[in-house]
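Single-structure report; data block below.
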2 protein chains.
Amino acid sequence: MAVGDLSLPVMHPVDGIRIGIAEAGIRYRNRRDLVVFELCEGANTAAVFTTNAFCAAPVQLAKTHLQQSPARYLLINTGNANAGTGAKGMDAAIRSCQQLSSMTAVPASAVLPFSTGVIGEQLPVDRLISGLPNALNDLSAENWEAAASGIMTTDTLPKGASEQFELDGIRYTVTGISKGAGMIRPNMATMLAYVATDVAVDAALLQALLRDVVESSFNRITIDGDTSTNDACVLVATGRAGNAIVTSEKTALYEALRVVLARVFQRLAQLIVRDGEGATKFMTVQVEGGASTQECCDVAYAVAHSPLIKTAFFASDPNWGRILAAIGRSGVPDLDVSQIFVWLDDVLLCENGGAAESYTEALGAAVMQKPEITIRIALGRGEFNDTVWTCDLSYDYVKINADYRS
Amino acid sequence: MAVGDLSLPVMHPVDGIRIGIAEAGIRYRNRRDLVVFELCEGANTAAVFTTNAFCAAPVQLAKTHLQQSPARYLLINTGNANAGTGAKGMDAAIRSCQQLSSMTAVPASAVLPFSTGVIGEQLPVDRLISGLPNALNDLSAENWEAAASGIMTTDTLPKGASEQFELDGIRYTVTGISKGAGMIRPNMATMLAYVATDVAVDAALLQALLRDVVESSFNRITIDGDTSTNDACVLVATGRAGNAIVTSEKTALYEALRVVLARVFQRLAQLIVRDGEGATKFMTVQVEGGASTQECCDVAYAVAHSPLIKTAFFASDPNWGRILAAIGRSGVPDLDVSQIFVWLDDVLLCENGGAAESYTEALGAAVMQKPEITIRIALGRGEFNDTVWTCDLSYDYVKINADYRS
């Protein structure tokens, strides 16, 4: 049911990164559910995590470890989120890091753990640990595609993006993967995503860069408004490309990298929405003329979260009254509805807060047949714009979440 | 699909109120879609309305009229919301009030108009007006049940409540009706509801009393989180019971009336949730131990709006991890998850933020078989409690909103 072309591009290896995948039988048999990233010595790692107060044990531990040592391994399991699991869950996360640490002769704090899957069940840590030797044996720079499959839960397809660019005679690479299809409304954080580059970037600058590109990508998508307990996004800079380390935003290489990263992150974020649980339509909600970024986002999310709008899009019904109702309840103070214009792609639905003179049901119905549609809303209040991506709400969303314990 | 017993009780007439119903063919043929309430001279009328900025033309006009004259008629149509209809919609609302005014020799401002149905289409005001003679011919004190049917849209059943009580030898009556099944998250307002009593109550006190009982009834329900453009709730006190007019909260009659009204309003609000679009389960979300009413409501609504929780309840799956995730993203500042306890009815799911020792899947599954379930959440932060009512999210919600243009 995924919307659009989600096929993986050529996934360029990133010098300094090797990946191993194994079957650990965390939740299902015959499923590659364990992924280990090996990062070269000297790599800088930036990360952002979920703001959910019930954040999972591995999220808490990864945050602590990041403060203590440079990261050398990312240890990721699917099938179990190790969230809502109390002290026992934390012990399991610690043990899994210790085990990988003893097998690789790095400090336990150099291992960052990540889990995704069902919430509230104990992680079968012995099974996870018994899968580690196979994962380490599998380590290869060529394994990005297999890793994209290895971190999937209700995803129907692996998700990846990869780009190369040249500057001053050096060729640089950015490659990343993401997963997620439900419980998606990353809030100052993101779902699982792992992106690496061979550019050498100062650690603090890398963290700032990550926050910047996450803000316009993973922090602008929603499927069902439910922020996960396990969201995490990691950006690794291995420094193997051979450039002089980037320490300032005011360099050509920083700017070139930022542009490529922004595109890769946006692609990875949109892939999650395109593969949203039960999705049949990919919707871009574009709000312009707001008095602040906040109110643009408030309006965009009111629209993007409305079950009535999402079901209407599933039915290809240009029921624009529901869009007006969502704008009206978005909480923007002193909203003057007579200033509001709304378009579906290029079809003007609503002008000055009422039905557009030029609008006909046939025009709206024609746009609604498309799998990818932009809802554009002009507020007429100021100079701010923002965009959120979401998908429709179909029978299959209910089916997936009623049948599957994710 | 309605949950529980929604049958109408004996609908006691309220002295001073007559109701007429007619077929006006607003949207469908052979459907009684026009309801007129006649209020006796001297009746006091209180009302609250939607906070949606795109509030409908009749909502705007009813607010204005309430300031100008004592209300003598309520004019209600279903099939068309007259919202998002601009100046033409306002003209239609004004014309319908003028017509009823000329037929009944009251000022136009003594008529309060209400519309419900599809948003964004022009009200067929000529058809509405041509239905008025039949509605007036039909006026009767006995028509509460027919009125409850006459205001339905996607409702599957008419909704009403009626009680009588005695004080100091006088028998008093409270009778009311409500409608609504989708686009339900009344926000400082409510869906359509009309309640009358024969108690004589001072107008300002009546408005305060209405706000009080709405806060704990219509302002505590949600079906899909979508606040309507047309919500309105009206409370009429005809004063025909013969009591000395109530002018203070510190009287036995005020207190007796408040208790009965609170019960009637809560019943009318819960009936809307029980008949929620596609509902198969009625869920009470009870939050205790909060540091404020606001945070109790934030937690309760995060749970009540979560599509993941609602689909799990539809599937009778005690997937309590989704409840923790919703609590965690509710935005309560500095939430200490180790203080949190969660019950499904009397089954403890979660203690100190993790799985309860005593919990088994069989215990959770047994509760989940029931059609009515209480989710109780203890935050351990303070002395505030609050309760919100909602329903599950089923295939039929998608079907109703994908197939029907409401």
Exercise for review: Starting with the highest mean, order A:90-101, B:43-54, B:315-326 by the number of other Cβ atoms within 10 Å, averaged over the residues of each peptide.
Suggested key: B:315-326, B:43-54, A:90-101
Revision key, fill the gap. Diffing region B:132-137: the Karplus 3J(HN,Hα) column from phi (6.51, -1.76, 1.60, θ = phi - 60°), in whole Hz with x for Gly and Pro, holds 4, x, 5, 5, 5, 4
Review point. To the nearest 0.05, what FRET efficiency results for residue A:383 and residue A:249 with a Förster distance of 35 Å applied to their C-beta separation?
Key: 0.90
**Study point:** Residue-by-residue Karplus 3J(HN,Hα) for region A:255-272, coefficients 6.51, -1.76, 1.60, Hz, glycine and proline x
**Key:** 5, 5, 5, 4, 5, 5, 4, 4, 5, 5, 5, 5, 4, 4, 5, 5, 4, 5
Practice item. Could you line up A:197, B:222, B:153, A:360 from fewest to most neighbouring Cβ atoms inside 10 Å? Key: A:360, B:153, B:222, A:197
**Study point:** Gained length - residue B:293 relative to residue B:372, 0.36 nm times residue gap less alpha-carbon distance
**Key:** 26.0 nm
Practice item. Using a/c under 1.5 as the rounded threshold, could you call region B:1-150 rounded, prolate or oblate? The axes a ≥ b ≥ c are square roots of the C-alpha gyration tensor eigenvalues, and prolate needs a/b larger than b/c, oblate otherwise. Key: rounded
Check your understanding: Which whole-number percent is the relative contact order of region B:17-274 (Cα, under 8 Å, 6+ apart)?
Key -> 24
Practice item. Classify region A:282-403 as rounded, prolate or oblate, taking a ≥ b ≥ c as the square roots of the eigenvalues of its Cα gyration tensor: rounded when a/c is under 1.5, otherwise prolate if a/b is larger than b/c and oblate if not. Key: oblate
Revision key, fill the gap. So the FRET efficiency between residue B:203 and residue B:140, C-beta based with R0 = 35 Å and rounded to 0.05, is 0.85
Check your understanding: Which residue, chosen from A:260, A:217, A:49, occupies the Cα position most advanced towards the positive end of the dipole of chain A, where the dipole is computed from +1 (Lys, Arg) and -1 (Asp, Glu) charges on Cβ about the Cα centre?
Key -> A:49
Exercise for review: With +1 on each Lys and Arg Cβ and -1 on each Asp and Glu Cβ, and nothing else charged, work out how big the dipole of the protein assembly as shown is about its Cα centre, in Debye to the nearest 20.
Suggested key: 500
Exercise for review: Any chance you could run the full-extension gain for residue B:41 through residue B:60? It's 0.36 nm times the residue separation minus the Cα-Cα distance, nm to one decimal.
Suggested key: 4.5 nm
Review point. Going by how many other Cβ atoms sit within 10 Å of their own, how do B:258, A:240 line up, fewest first?
Key: B:258, A:240
Study note, to complete from the structure: Heads up, region B:124-240 by the C-alpha gyration tensor (a ≥ b ≥ c square roots of eigenvalues; a/c under 1.5 rounded, else a/b over b/c prolate, else oblate) looks oblate
Check your understanding: Over chain A, what is the percentage of antiparallel beta bridges among all DSSP beta bridges, to the nearest 5?
Key -> 70
Check your understanding: Give me the log10 of I(q) over I(0) for the protein assembly as shown at q = 0.05, 0.06, 0.07 Å⁻¹, as the Debye formula computes it from C-alpha points; what are the numbers?
Key -> -0.30, -0.42, -0.56
Practice item. Ignore the peptide's own chain and count Cβ atoms of other chains within 10 Å of each Cβ in A:109-119; give me the average, rounded. Key: 1
Exercise for review: Would you mind checking which residues have amide H under 5 Å from residue B:27's amide H? H placed 1.01 Å from N; only 5 or more apart, or other chain.
Suggested key: none
Check your understanding: Once the Cβ-Cβ distance between residue A:166 and residue A:334 is put in as r, and R0 is 51 Å, what FRET efficiency do you end up with, to the nearest 0.05?
Key -> 0.50
Study note, to complete from the structure: Mean per-residue count of partner chain Cβ within 10 Å for B:338-346 equals 1
Revision key, fill the gap. In deg cm²/dmol, rounded to the nearest 500, the helical mean residue ellipticity at 222 nm of chain A, built from -39500 (n - 2.57) for every DSSP H run of length 4 or more, is -10500 deg cm²/dmol
Exercise for review: Sort A:33, B:15 so that the residue with the fewest other Cβ atoms within 10 Å of its own Cβ comes first and the one with the most comes last.
Suggested key: B:15, A:33
Exercise for review: Return the inverse of the average 1/r over all pairs of distinct C-alpha atoms in region B:208-296, which is the Kirkwood hydrodynamic radius, in Å to one decimal.
Suggested key: 15.5
**Study point:** Whole-Hz couplings from phi, Karplus 6.51/-1.76/1.60, listed for region A:173-183; x for Gly and Pro
**Key:** 10, 10, 9, x, 9, 8, 9, x, 8, x, 6
Check your understanding: Over all residues in B:303-315, what is the mean tally of Cβ atoms on other chains that come within 10 Å of each residue's Cβ?
Key -> 5
Exercise for review: Pull up all non-local amide H partners of residue A:246: gap of 5 or more, or a different chain, and H-to-H distance under 5 Å with H placed in the peptide plane.
Suggested key: A:200, A:201, A:202
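Here, each number is a calculation from the coordinates, and none is a lab measurement. These numbers were taken from a predicted model, which means no experiment stands behind them. Positions of Cβ are generated from backbone atoms using ideal geometry, with glycine treated the same way; all protein chains shown enter the neighbour counts.
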